[in-house]
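Okay, so here's the structure we're looking at.
The values are calculated or read from the model by the stated rules, or taken from the named source; none is laboratory data. The structure presented is a predicted model; accordingly, all values stated were derived computationally and were not measured. Quick reminder, even Gly has a Cβ in these numbers, built from the backbone with ideal geometry, and neighbours come from all protein chains shown. Just so you know, the surface numbers come from the protein's heavy atoms only, side chains and all, with ligands and any DNA or RNA stripped out. Shrake-Rupley method; radii C 1.70, N 1.55, O 1.52, S 1.80 Å.
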Amino acid sequence: MLTRIALTLAYVLMILPAAAAAQSCDYLLVSTTDFSTGSTTSLDPDTKAPTLNVEAIHSDAVLRASGVDGLVYVVGRAGGNHIQVLDPCDDFDTIDQFSTGDNSNPHDIVFVSPTKAYVSRYDLTSVLIMNPQTGATLGTINLAAFADADGLPEMDQMFLTDDYLCVLLQRLDRNMFYTPVGTSYLAVIDLATDTVVDMNPVAGGVQPVTLPRTNPYSEVNHRIVGPATTAYFSCVGFFGVLDGGVVAVDLADVTSQSVVLTETAAGGDILDVEIINDTRGYAIIATPSFTTELIAFNPSTGAKIGGTLYAPGGYDLNDCEPHDLGGVLLLTDRKATNPGVRCFDLATGAVAGALINVGLPPFDILVSDGVPTAAGDTPSPTSLGANYPNPFNPSTTIPFALVREGHVTIRIYDVTGRAIATLVDGVRAAGSHAATWDGRTNAGATAASGVYFARLVADDVRQTRKLVLMK
């Protein structure tokens, strides 16, 4: 028996690098750039004190947290063509870097398990499927059918539902200075088969979802507003024309969409958006005079709240992210003479404290609240606990907790990222729960010995735990 356990643990160590099992930690990380040099600066989560230039990165990069392994993934965009992996629990040291393909211009990465991720590639026609632990290519998904006349669909940001990957397609005409062609799409990909889903069988062919506004632009954020979990992002349409808005997509039915703030009501192109609750959201807008401002709005009514909250005077604001349980909004202020991160106090409605110097002008902010990713972590209000026993045979119990009543799924994935069993798929009350896996697939077959992953999706939380089935 001990020999079998030792062999199992050796197998785990072979397929899971040590960094992938690192415990999570709270952090604030800022990408900084003058578009010839790129770097990162970390901020102390409590004091906001900066540590400058903790790791060099590409000069055009955005930051993403995986939610499944506790690591930071830097997406090196135009000219970078790579994913750089940083360990936040080890001074943000680079632990790996993977190519996304020549001239690919990756724009986003999302994760369905520790061994399977998807990368949108702005200058190619296919989504890349990769193993984020090794960088190995697992496949591609062709979206060429949704391209405009220049031959590219301009795939940008992505988000997940329980069963689907959603890819936002800008569809800009590169021969006409990257202007919208008339319609922008949401392509829907089945996570079980990695195939594009036909969202309108009556129309013939494989159809995407048409967005209510064109040129989806901002990073996607998820919030609980009303009864549904919703993804929010801005569409800017034509720059300088008030034709865009903030789009809300119901994750239970991605064809159910609405515009919760128009650019006419906002007073400019909406560059970034954050939804705090059902009556309060914040947006960075570019005015007709091409200066940027921070505004507040009510996502339930679509009305702007008050006047301009902060305006540095130039085209300087790029990203905003809530922190301290939503009490502070962090702003990237790229003002040429005095760049840095500003803290906007949501209670007082004013900038609080001095400008935080982060070295080069700030571009993107990544906020982590220490989401548990390994046994022994402190659980969050909605969390997936460590299963017991582990290793197990024939069954194991997986505890989970919900901060509020809502829809939750728990699925089991194998090491290739394939979903093999569904343990929970439905509405559960707030509080503590437990699911049991008997080592069988959805088809009733007995799973082989090895490593598996349990993945919880509830609210805007996605958490993964490693399981070892031993026979």
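Just a few scattered comments:
- Cα lying deepest toward the dipole's positive end in the chain, options Thr396, Ala49, Pro153, charges on Cβ: Thr396
- Spin-label model, Ala336/Ser432: points 7 Å from Cα along the beta carbon direction are separated by 5.9 nm.
- Rounded to the nearest 20 debye, dipole of the chain from Cβ charges on Lys, Arg, Asp, Glu: 1080
- Among the protein heavy atoms of the chain, carbon and sulfur supply 53% of the accessible surface, probe 1.4 Å, non-protein parts ignored.
- A 1.4 Å probe run over region 401-446, with the rest of the protein chains in place, finds 50 Å² accessible per residue.
- Equivalent ellipsoid semi-axes - Cα gyration tensor, the chain, angstrom: 35, 26, 22
- Region 207-282 shape via C-alpha gyration tensor axes, a/c threshold 1.5: oblate
- Cα long-axis angle, helix 2-15 against the chain (0 to 90 degrees, to the nearest 10): 20
- The chymotrypsin sites (Phe, Trp or Tyr not before Pro) of region 246-347 that DSSP puts in a loop, and whose beta carbon has at most 16 other beta carbons within 10 Å, are Phe290, Tyr315.
- Peptides ranked, highest mean first, by Cβ atoms within 10 Å: ranges 67-76, 300-309, 185-194: 67-76, 185-194, 300-309
- Taking amide H as placed 1.01 Å from N in the peptide plane, Glu154 has its amide H under 5 Å from the amide H of Arg171, each at least 5 places away in sequence or on another chain.
- About its Cα centre, region 17-172 has a charge dipole of approximately 300 debye under the convention of +1 per Lys or Arg Cβ and -1 per Asp or Glu Cβ, with nothing else charged.
- Estimated inter-spin distance, Val202 and Asp173, nm [label 7 Å along Cα→Cβ]: 3.0
- Partners for Lys471 among aspartates and glutamates (Cα-Cα distance below 18 Å; same-chain residues under 8 apart left out): Asp414, Asp438
- Cα-centre dipole for region 92-149 with unit charges at Cβ (Lys and Arg positive, Asp and Glu negative), debye to 20: 200
- Solvent exposure ordering (accessible area, 1.4 Å, most first) of His433, His107, His407: His407, His433, His107
- Approximate shape of region 417-462 as ellipsoid semi-axes (Cα gyration tensor, √5λ), whole Å, largest first: 23, 12, 10
- FRET efficiency estimate (nearest 0.05) - Cβ-Cβ, Ser300 to Ala144, R0 45 angstrom: 0.70
- Using the rule -39500 (n - 2.57) for each DSSP H run of four or more residues, divided by the residues of the chain, the 222 nm mean residue ellipticity is -1000 deg cm²/dmol.
- Gyration tensor over alpha-carbon atoms, region 48-156, equivalent ellipsoid semi-axes in Å: 26, 16, 11
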